[in-house]
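A quick write-up on the structure given underneath.
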Amino acid sequence: MMTFSFFKEFAQPRKLKQQGILGMNQRNNMYISRYNPRKLFPLVDNKLKTKQIAEDANVSTPELIGVVDNQHSVKSVDKMIAGLNGFVIKPAKGSGGKGILVITKVEGGRYYKPSGSECSIDDIERHCSNILAGLFSLGGGIDVAVVEALIVFDDSFEGYSFEGVPDVRVIVFKGIPMMAMMRLSTSMSDGKANLHQGAVGVGINITTGEALNAVQYDEMVSHHPDTQKELALLKVPHWEEVIRLAAQCYDISGLGYLGADVVLDRDHGPMLLELNARPGLAIQIANGMGLLPRLQQIEAANTDSMDLDQRLAYCKQHFG
């Protein structure tokens, strides 16, 4: 199995090509521009629109508490979150995990982040104002703040994530799940499953849900840096449901090349967190293999007429 040490030692373009590594320009020109009509981007670039098309297709998503859509309504956010023990506030048009405020505990009128640092209601209102001003949004445009219920992660992930909810990123091409990784929050990532902020990425076998490799800041790791849990033992529960949900995202969005982010709630099972029309490429490092061979195999196959079950069967048959 190829590990990240390969990438560090043989990072020349010729070697990367031989190993089927998909580069950014190639991704943009050969897959995003060809398979993702730009008119569909607003459906996934706006989390509220994504939530709507998912709910229309009976795809489960985190509960929507409310939306702060103007500066006047910022002062009412305290009523919106009253009585909640935890919640998440995020920009509808944010990207890369920017602007996501996770509150995991409320006590004595104070709000606590996964790291233990606390916020006041003034801090929360200021954060909402910054979201509305477009501070965290794609292109810096005016935005709205989305308030969602806090996900309670499945008990089987105990020790694999630090003070935050892990999620699964699945790359889906022409409706076929083809590569996956789990993102585990750390103290460095402040409870967010964001690799750029210090979360751990674990490559996941697309047919079994079992761990392959794990990386943090593009370096191989064997244990979670905070809990010391052995990452090779990770197995994602309800895996059949996870990849079925991810494959459905092709049908509900119309995007041929996408990243589906799925969370596993203890009480509600797999839920769609968001969709990405320009999924990143670090999943190749986490899996220790390139995307290109599987992309090219799907392109060469006659998959356009396949229904959901046939696409899932293709995944199991060819990527097991």
For this session: Enter the accessible area of residue 144 (Å², nearest 10), with the probe set to 1.4 Å and all protein chains included.
Result: 30 Å²
Seminar exercise, completed: Two pseudo-spin positions, 7 Å from Cα along C-beta at residue 135 and at residue 71, lie apart in nanometres by 1.4 nm
Exercise. Given the protein chains as shown and a 1.4 Å probe, how many square angstrom of residue 250 are accessible, to the nearest 10?
Worked result: 60 Å²
Exercise. Past the 31 Å Cα-Cα mark, which pairs from 39/105; 51/105; 90/316; 90/174; 39/113?
Worked result: 39/105; 90/316; 39/113
Exercise. Once the whole set of protein chains is in place, how much accessible area is left on residue 104, using a 1.4 Å probe, in Å² to the nearest 10?
Worked result: 50 Å²
Exercise. Given labels modelled 7 Å from the Cα in the Cβ direction, how far is it in nm from residue 222 to residue 56?
Worked result: 5.0 nm
Exercise. Label points 7 Å out from Cα along the Cβ direction at residue 297 and residue 156: separation in nm?
Worked result: 2.4 nm
Exercise. Just from the alpha-carbon atoms, what are the Rg and Dmax of region 221-320 in angstroms?
Worked result: 15.3, 46
For this session: Apply 1/(1 + (r/R0)^6) to the Cβ-Cβ distance of residue 235 and residue 33, taking R0 = 30 Å, and write down the FRET efficiency to the nearest 0.05.
Result: 0.25
Problem set entry | Packing-based order for 304-311, 172-179, using average beta carbon neighbours within 10 Å, highest first | 172-179, 304-311
Problem set entry | For the chain, the Rg and Dmax computed from alpha carbons only, in angstrom | 19.4, 60
For this session: Please find the FRET efficiency linking residue 18 to residue 317, where r is the Cβ-Cβ separation and R0 is fixed at 30 Å, and quote it to the nearest 0.05.
Result: 0.75
Problem set entry | Folded to 0 to 90 degrees: helix 47-56 orientation relative to the chain principal axis, Cα | 70 degrees
For this session: Filter the GluC sites (Glu not before Pro) in region 98-207 to those in DSSP coil with at most 13 other Cβ atoms within 10 Å of their Cβ, and list the result.
Result: 158
Problem set entry | Global size of region 64-149 as Cα Rg and Dmax, reported in angstrom | 12.0, 38
Seminar exercise, completed: So the carbon and sulfur contribution to the accessible area of region 64-149, 1.4 Å probe, in percent, is 52 percent
Exercise. Tilt of helix 308-319 relative to the longest C-alpha principal axis of the chain, in degrees (0 to 90, nearest 10)?
Worked result: 60 degrees
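The values are calculated or read from the model by the stated rules, or taken from the named source; none is laboratory data. Every value quoted in this text rests on a predicted model; they were computed, and no experiment measured them. Cβ atoms come from the backbone with ideal geometry, glycine included; neighbour counts cover every protein chain shown. The protein model used for the area step is the full one, side chains on, heavy atoms only, and it has no ligands, DNA or RNA in it. Shrake-Rupley method; radii C 1.70, N 1.55, O 1.52, S 1.80 Å.
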